[in-house]
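The values are calculated or read from the model by the stated rules, or taken from the named source; none is laboratory data. Given the structure is predicted, the values throughout are model-derived calculations rather than measurements. All Cβ positions, even for glycine, are placed from backbone atoms using ideal geometry, and neighbour counts span all protein chains on display. Ligands, DNA and RNA are stripped out before the accessible areas are found, and what is left, the full protein with its side chains, is counted by its heavy atoms. Shrake-Rupley method; radii C 1.70, N 1.55, O 1.52, S 1.80 Å.
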Amino acid sequence: MRRAIALSAFGLGATSPNPPVGCVILDSDEQIVGEGYHERKGEAHAEAQALAAAGKRAAGGTAVVTLEPCNHHGRTPPCRQGLIDARVSRVVIALIDPTSRGEGGAAALQAHGIDVEIGVLANEAQLVLGTWGAALGTGRPVITWPYQLTGRGIEPLADDTADARLLRLNADAVLHEHGQVEEAVPGSHGAGILEINDAGSGTDAYAVVKRLYEGGVRSLLLQGGESVARPFLAAGLVDHVLVWLAARRSSDRLREPLPWPLLPPGFTIAGAVRTAGFVRIEAWRGPGEVS
Ligand SMILES: [Zn+2]
(Lines give C-alpha, C1' and ligand atoms only; values in the text may rest on other atoms or scores of the structure.)
Protein backbone atom coordinates (compact mmCIF):
# COMPACT_ATOMS: atom_id res chain seq x y z
CA MET A 1 0.00 0.00 0.00
CA ARG A 2 2.81 2.41 0.71
CA ARG A 3 4.04 1.83 -2.84
CA ALA A 4 0.53 2.55 -4.17
CA ILE A 5 0.38 5.73 -2.05
CA ALA A 6 3.72 6.90 -3.43
CA LEU A 7 2.53 6.23 -7.00
CA SER A 8 -0.72 8.06 -6.37
CA ALA A 9 1.22 11.27 -5.64
CA PHE A 10 2.33 11.41 -9.30
CA GLY A 11 -1.23 12.52 -10.00
CA LEU A 12 -1.17 15.51 -7.63
CA GLY A 13 -1.99 18.73 -9.45
CA ALA A 14 -3.03 16.85 -12.60
CA THR A 15 -6.05 14.58 -12.02
CA SER A 16 -8.66 17.07 -10.82
CA PRO A 17 -11.57 16.89 -10.62
CA ASN A 18 -10.74 13.18 -10.31
CA PRO A 19 -8.80 11.87 -7.29
CA PRO A 20 -5.08 11.01 -7.47
CA VAL A 21 -5.09 7.22 -7.00
CA GLY A 22 -2.36 4.58 -7.06
CA CYS A 23 -2.63 0.81 -7.55
CA VAL A 24 -0.28 -2.17 -7.25
CA ILE A 25 -1.15 -5.71 -8.45
CA LEU A 26 0.39 -8.78 -6.80
CA ASP A 27 0.20 -12.22 -8.37
CA SER A 28 -0.89 -15.34 -6.45
CA ASP A 29 2.71 -15.65 -5.13
CA GLU A 30 2.51 -12.08 -3.79
CA GLN A 31 5.02 -10.76 -6.29
CA ILE A 32 4.40 -7.33 -7.78
CA VAL A 33 3.34 -7.78 -11.40
CA GLY A 34 1.81 -4.41 -12.22
CA GLU A 35 1.43 -0.89 -10.95
CA GLY A 36 -0.18 2.29 -12.10
CA TYR A 37 -1.70 5.61 -11.18
CA HIS A 38 -4.33 7.95 -12.57
CA GLU A 39 -2.52 10.58 -14.64
CA ARG A 40 -5.33 12.93 -15.59
CA LYS A 41 -9.06 13.17 -16.19
CA GLY A 42 -10.22 11.14 -19.19
CA GLU A 43 -7.26 8.74 -19.07
CA ALA A 44 -7.20 5.25 -17.59
CA HIS A 45 -7.73 4.90 -13.85
CA ALA A 46 -4.95 3.52 -11.64
CA GLU A 47 -6.50 0.03 -11.51
CA ALA A 48 -6.78 -0.18 -15.32
CA GLN A 49 -3.15 0.91 -15.73
CA ALA A 50 -1.94 -1.66 -13.20
CA LEU A 51 -4.12 -4.47 -14.59
CA ALA A 52 -2.89 -3.77 -18.12
CA ALA A 53 0.69 -4.14 -16.88
CA ALA A 54 -0.09 -7.34 -14.96
CA GLY A 55 -2.06 -9.05 -17.74
CA LYS A 56 -2.93 -12.68 -16.99
CA ARG A 57 -0.69 -12.67 -13.91
CA ALA A 58 -3.40 -10.76 -12.01
CA ALA A 59 -5.61 -13.89 -11.89
CA GLY A 60 -5.76 -15.22 -8.34
CA GLY A 61 -3.74 -12.26 -7.13
CA THR A 62 -4.31 -9.12 -5.07
CA ALA A 63 -5.06 -5.56 -6.13
CA VAL A 64 -3.86 -2.92 -3.68
CA VAL A 65 -5.49 0.46 -4.32
CA THR A 66 -5.51 3.73 -2.38
CA LEU A 67 -9.20 4.52 -3.04
CA GLU A 68 -12.25 2.31 -3.45
CA PRO A 69 -12.47 1.20 -7.12
CA CYS A 70 -15.17 3.03 -9.02
CA ASN A 71 -18.50 1.39 -9.81
CA HIS A 72 -19.83 3.73 -12.47
CA HIS A 73 -19.48 4.16 -16.19
CA GLY A 74 -17.84 7.51 -16.77
CA ARG A 75 -15.29 8.36 -19.43
CA THR A 76 -13.72 4.98 -18.70
CA PRO A 77 -15.33 1.60 -17.79
CA PRO A 78 -15.82 0.92 -14.05
CA CYS A 79 -12.69 -0.40 -12.36
CA ARG A 80 -14.62 -2.97 -10.33
CA GLN A 81 -15.47 -4.71 -13.61
CA GLY A 82 -11.82 -4.68 -14.68
CA LEU A 83 -10.85 -6.31 -11.38
CA ILE A 84 -13.61 -8.93 -11.72
CA ASP A 85 -12.65 -9.67 -15.34
CA ALA A 86 -8.98 -10.01 -14.33
CA ARG A 87 -10.12 -12.60 -11.74
CA VAL A 88 -8.21 -11.11 -8.81
CA SER A 89 -9.11 -12.91 -5.60
CA ARG A 90 -8.49 -10.06 -3.16
CA VAL A 91 -8.72 -6.27 -3.19
CA VAL A 92 -7.05 -4.17 -0.49
CA ILE A 93 -8.33 -0.58 -0.19
CA ALA A 94 -7.07 2.32 1.92
CA LEU A 95 -10.01 4.73 1.71
CA ILE A 96 -13.65 4.32 0.78
CA ASP A 97 -14.87 6.74 -1.89
CA PRO A 98 -16.99 9.24 0.08
CA THR A 99 -19.38 9.50 -2.87
CA SER A 100 -20.11 5.76 -3.10
CA ARG A 101 -22.53 5.58 -0.14
CA GLY A 102 -22.09 1.85 0.23
CA GLU A 103 -22.90 1.21 -3.42
CA GLY A 104 -19.38 1.60 -4.73
CA GLY A 105 -16.88 -0.83 -6.09
CA ALA A 106 -16.18 -2.50 -2.73
CA ALA A 107 -19.74 -3.81 -2.37
CA ALA A 108 -19.83 -4.94 -6.02
CA LEU A 109 -16.51 -6.79 -5.65
CA GLN A 110 -17.72 -8.55 -2.48
CA ALA A 111 -20.93 -9.53 -4.25
CA HIS A 112 -18.71 -11.31 -6.81
CA GLY A 113 -17.01 -13.31 -4.06
CA ILE A 114 -13.82 -11.24 -4.02
CA ASP A 115 -12.19 -10.81 -0.60
CA VAL A 116 -12.18 -7.06 0.18
CA GLU A 117 -10.17 -5.41 2.94
CA ILE A 118 -10.85 -1.73 3.71
CA GLY A 119 -8.98 0.88 5.76
CA VAL A 120 -5.41 -0.32 5.20
CA LEU A 121 -2.98 2.60 5.86
CA ALA A 122 -5.92 4.97 5.51
CA ASN A 123 -4.17 7.81 7.33
CA GLU A 124 -1.15 7.57 5.05
CA ALA A 125 -3.26 7.43 1.88
CA GLN A 126 -5.09 10.50 3.17
CA LEU A 127 -1.85 12.48 2.85
CA VAL A 128 -2.29 12.31 -0.94
CA LEU A 129 -6.08 12.05 -1.25
CA GLY A 130 -6.87 14.51 1.55
CA THR A 131 -7.07 17.61 -0.63
CA TRP A 132 -9.45 15.92 -3.09
CA GLY A 133 -11.61 14.65 -0.21
CA ALA A 134 -11.66 18.00 1.59
CA ALA A 135 -12.70 19.83 -1.60
CA LEU A 136 -15.43 17.26 -2.16
CA GLY A 137 -16.68 17.81 1.38
CA THR A 138 -16.83 21.60 1.16
CA GLY A 139 -17.64 22.05 -2.53
CA ARG A 140 -14.71 24.40 -3.03
CA PRO A 141 -10.96 24.08 -3.66
CA VAL A 142 -8.49 23.77 -0.80
CA ILE A 143 -6.71 27.14 -0.73
CA THR A 144 -3.03 27.62 0.04
CA TRP A 145 -1.42 31.03 0.50
CA PRO A 146 2.37 31.16 0.51
CA TYR A 147 4.01 34.42 1.61
CA GLN A 148 7.18 35.91 2.95
CA LEU A 149 7.36 37.86 6.19
CA THR A 150 10.21 40.36 6.28
CA GLY A 151 10.97 43.63 8.04
CA ARG A 152 8.92 45.28 5.27
CA GLY A 153 5.82 43.24 6.06
CA ILE A 154 4.00 40.55 4.08
CA GLU A 155 5.38 40.01 0.57
CA PRO A 156 4.45 37.52 -2.17
CA LEU A 157 6.57 34.43 -2.52
CA ALA A 158 8.61 35.12 -5.66
CA ASP A 159 7.11 33.26 -8.62
CA ASP A 160 10.40 31.98 -10.03
CA THR A 161 11.80 30.21 -6.97
CA ALA A 162 12.14 26.46 -6.48
CA ASP A 163 9.62 26.71 -3.63
CA ALA A 164 7.04 28.39 -5.88
CA ARG A 165 7.57 25.82 -8.64
CA LEU A 166 7.10 22.98 -6.14
CA LEU A 167 3.84 24.47 -4.87
CA ARG A 168 2.52 24.91 -8.42
CA LEU A 169 3.32 21.31 -9.34
CA ASN A 170 1.01 20.15 -6.55
CA ALA A 171 -1.84 22.58 -7.25
CA ASP A 172 -4.52 22.80 -9.93
CA ALA A 173 -4.77 26.55 -10.36
CA VAL A 174 -3.23 29.85 -9.32
CA LEU A 175 -5.13 33.04 -8.57
CA HIS A 176 -3.13 36.23 -9.14
CA GLU A 177 -3.66 39.88 -8.28
CA HIS A 178 -6.69 41.38 -10.04
CA GLY A 179 -8.40 37.98 -10.08
CA GLN A 180 -6.75 36.28 -13.06
CA VAL A 181 -6.72 32.50 -12.71
CA GLU A 182 -4.43 30.16 -14.62
CA GLU A 183 -3.69 26.45 -14.62
CA ALA A 184 -0.88 26.03 -12.08
CA VAL A 185 1.26 24.03 -14.54
CA PRO A 186 0.16 24.86 -18.10
CA GLY A 187 -1.04 21.71 -19.90
CA SER A 188 -0.89 19.48 -16.81
CA HIS A 189 -4.61 18.67 -17.04
CA GLY A 190 -4.53 17.73 -20.70
CA ALA A 191 -7.57 19.27 -22.32
CA GLY A 192 -7.57 21.85 -19.55
CA ILE A 193 -9.31 22.30 -16.29
CA LEU A 194 -10.36 25.92 -16.18
CA GLU A 195 -13.50 27.03 -17.86
CA ILE A 196 -12.75 30.53 -16.69
CA ASN A 197 -9.70 32.74 -16.80
CA ASP A 198 -11.01 35.66 -14.83
CA ALA A 199 -12.39 35.09 -11.37
CA GLY A 200 -13.11 38.80 -11.21
CA SER A 201 -11.36 41.14 -8.84
CA GLY A 202 -13.37 42.38 -5.93
CA THR A 203 -16.12 39.82 -6.45
CA ASP A 204 -17.48 37.71 -3.64
CA ALA A 205 -14.83 35.22 -2.50
CA TYR A 206 -17.45 32.46 -2.10
CA ALA A 207 -18.65 32.98 -5.67
CA VAL A 208 -15.07 32.80 -6.97
CA VAL A 209 -14.25 29.53 -5.24
CA LYS A 210 -17.59 28.03 -6.24
CA ARG A 211 -16.95 28.85 -9.89
CA LEU A 212 -13.45 27.42 -9.69
CA TYR A 213 -14.80 24.21 -8.14
CA GLU A 214 -17.38 23.88 -10.90
CA GLY A 215 -14.54 24.38 -13.39
CA GLY A 216 -12.79 21.35 -11.86
CA VAL A 217 -10.30 23.05 -9.51
CA ARG A 218 -9.70 21.16 -6.26
CA SER A 219 -6.57 22.97 -5.07
CA LEU A 220 -5.86 26.67 -5.49
CA LEU A 221 -2.75 28.73 -4.81
CA LEU A 222 -3.03 32.42 -3.99
CA GLN A 223 -0.10 34.15 -5.68
CA GLY A 224 0.48 37.52 -4.13
CA GLY A 225 0.54 39.53 -0.96
CA GLU A 226 -2.18 40.52 1.45
CA SER A 227 -4.38 42.11 -1.22
CA VAL A 228 -4.87 38.75 -2.94
CA ALA A 229 -5.51 36.86 0.28
CA ARG A 230 -7.64 39.41 2.15
CA PRO A 231 -11.11 38.55 0.73
CA PHE A 232 -10.45 34.82 1.12
CA LEU A 233 -9.11 35.23 4.67
CA ALA A 234 -12.09 37.40 5.61
CA ALA A 235 -14.45 34.70 4.33
CA GLY A 236 -12.57 31.96 6.22
CA LEU A 237 -11.67 30.27 2.93
CA VAL A 238 -7.87 30.06 3.28
CA ASP A 239 -7.03 26.57 4.58
CA HIS A 240 -3.27 26.42 4.51
CA VAL A 241 -0.46 28.95 4.72
CA LEU A 242 3.27 28.63 4.17
CA VAL A 243 5.22 31.48 5.70
CA TRP A 244 8.85 32.17 4.86
CA LEU A 245 10.03 34.19 7.84
CA ALA A 246 13.17 36.12 6.89
CA ALA A 247 16.21 35.35 9.00
CA ARG A 248 16.77 37.74 11.88
CA ARG A 249 19.73 37.93 14.16
CA SER A 250 18.81 37.66 17.80
CA SER A 251 20.19 41.17 18.32
CA ASP A 252 17.67 42.46 15.71
CA ARG A 253 14.89 40.57 17.37
CA LEU A 254 15.64 41.98 20.78
CA ARG A 255 15.99 45.52 19.53
CA GLU A 256 13.07 45.62 17.17
CA PRO A 257 10.28 43.02 17.38
CA LEU A 258 8.67 42.20 14.03
CA PRO A 259 5.52 44.33 13.91
CA TRP A 260 3.54 41.82 11.81
CA PRO A 261 1.56 38.82 13.01
CA LEU A 262 3.21 35.56 11.97
CA LEU A 263 -0.03 33.82 10.96
CA PRO A 264 -3.60 34.86 10.20
CA PRO A 265 -5.95 34.34 13.16
CA GLY A 266 -7.13 30.78 13.73
CA PHE A 267 -4.15 28.95 12.20
CA THR A 268 -2.17 26.19 13.89
CA ILE A 269 1.49 25.39 13.15
CA ALA A 270 1.98 21.97 11.55
CA GLY A 271 5.66 22.24 10.68
CA ALA A 272 8.74 24.44 10.87
CA VAL A 273 11.94 23.99 8.89
CA ARG A 274 14.99 26.13 8.31
CA THR A 275 15.67 27.08 4.67
CA ALA A 276 18.35 29.32 3.14
CA GLY A 277 17.85 32.71 4.75
CA PHE A 278 14.43 31.85 6.15
CA VAL A 279 12.45 29.71 8.53
CA ARG A 280 9.46 28.17 6.78
CA ILE A 281 6.35 27.75 8.90
CA GLU A 282 3.50 25.57 7.64
CA ALA A 283 0.11 26.13 9.25
CA TRP A 284 -3.46 24.96 8.75
CA ARG A 285 -6.66 26.70 9.70
CA GLY A 286 -8.12 25.06 12.75
CA PRO A 287 -7.90 24.91 16.49
CA GLY A 288 -4.70 23.96 18.22
CA GLU A 289 -3.70 24.36 21.82
CA VAL A 290 -4.40 27.71 23.45
CA SER A 291 -1.32 29.82 22.81
ZN1 LIG B 1 -11.96 3.66 -11.70
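What to note about this one:
- The residue that is nearest to the chain's Cα centre (by Cα), counting only those in region 7-21 that are over 14 Å from GLN126 (Cβ atoms) and of a type in the set (Gly, Ala, Ser), is GLY13.
- Test for PRO141: is it crowded, with 17+ Cβ neighbours inside 10 Å, closer than 24 Å to VAL217 by Cβ, over 13 Å from the mean Cα position of the chain (by Cα) and touching a residue at least 60 places away in the same chain (Cβ under 8 Å): no
- Within region 147-170, the set of residues being over 15 Å from VAL279 (Cα atoms) and surrounded by 16 or more Cβ atoms within 10 Å (Cβ to Cβ) comprises PRO156, ALA164, LEU167, ARG168, ASN170.
- Residues in region 150-161 that are in a strand (DSSP E or B) and among the acidic types (Asp, Glu): GLU155 alone.
- Filter result for the condition that a residue is within 13 Å of the ligand (Cβ to nearest atom), at pLDDT 95 or above and in contact with a Pro (Cβ under 7 Å, 6 or more places away or on another chain), over LEU83, LEU129: LEU83
- Considering VAL128, VAL185, the condition of being within 28 Å of ARG90 (Cα to Cα) and either of a type in the set (S, T, N, Q) or surrounded by 17 or more Cβ atoms within 10 Å (Cβ to Cβ) (or both) is satisfied by VAL128 alone.
Residues checked against (1) within 14 Å of the ligand (Cβ to nearest atom); (2) in a loop (DSSP other than H, G, I, E, B); (3) touching a strand residue (DSSP E or B) at 6+ places or on another chain (Cβ under 8 Å):
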residue: GLU47; (1), (2), (3): yes, no, yes
residue: LEU51; (1), (2), (3): yes, no, yes
residue: GLY55; (1), (2), (3): no, no, yes
residue: HIS72; (1), (2), (3): yes, yes, no
residue: ARG87; (1), (2), (3): no, yes, no
residue: PRO98; (1), (2), (3): no, yes, no
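- Selection from region 162-185 of residues that are charged (D, E, K, R), at pLDDT 90 or above and assigned to a helix (DSSP H, G or I): ASP163, ARG165, ARG168
- For ARG75, the test of being on the phi > 0 side of the Ramachandran plot and modelled with pLDDT under 95 is failed.
- Which listed residue is outside any helix (DSSP H, G or I), within 15 Å of the ligand (Cβ to nearest atom) and surrounded by fewer than 24 Cβ atoms within 10 Å (Cβ to Cβ), from GLU39, GLU30: GLU39
- Any hit, region 58-70, residues being open to solvent by 70 Å² or more (accessible area, probe 1.4 Å), out of contact with any helix residue (DSSP H, G or I) (no Cβ under 6 Å at 6 or more places or on another chain) and more than 10 Å from the ligand (Cβ to nearest atom): no
- LEU237 within 28 Å of LYS41 (Cβ to Cβ), in contact with a strand residue (DSSP E or B) (Cβ under 8 Å, 6 or more places away or on another chain) and either open to solvent by 60 Å² or more (accessible area, probe 1.4 Å) or at pLDDT 95 or above (or both): yes
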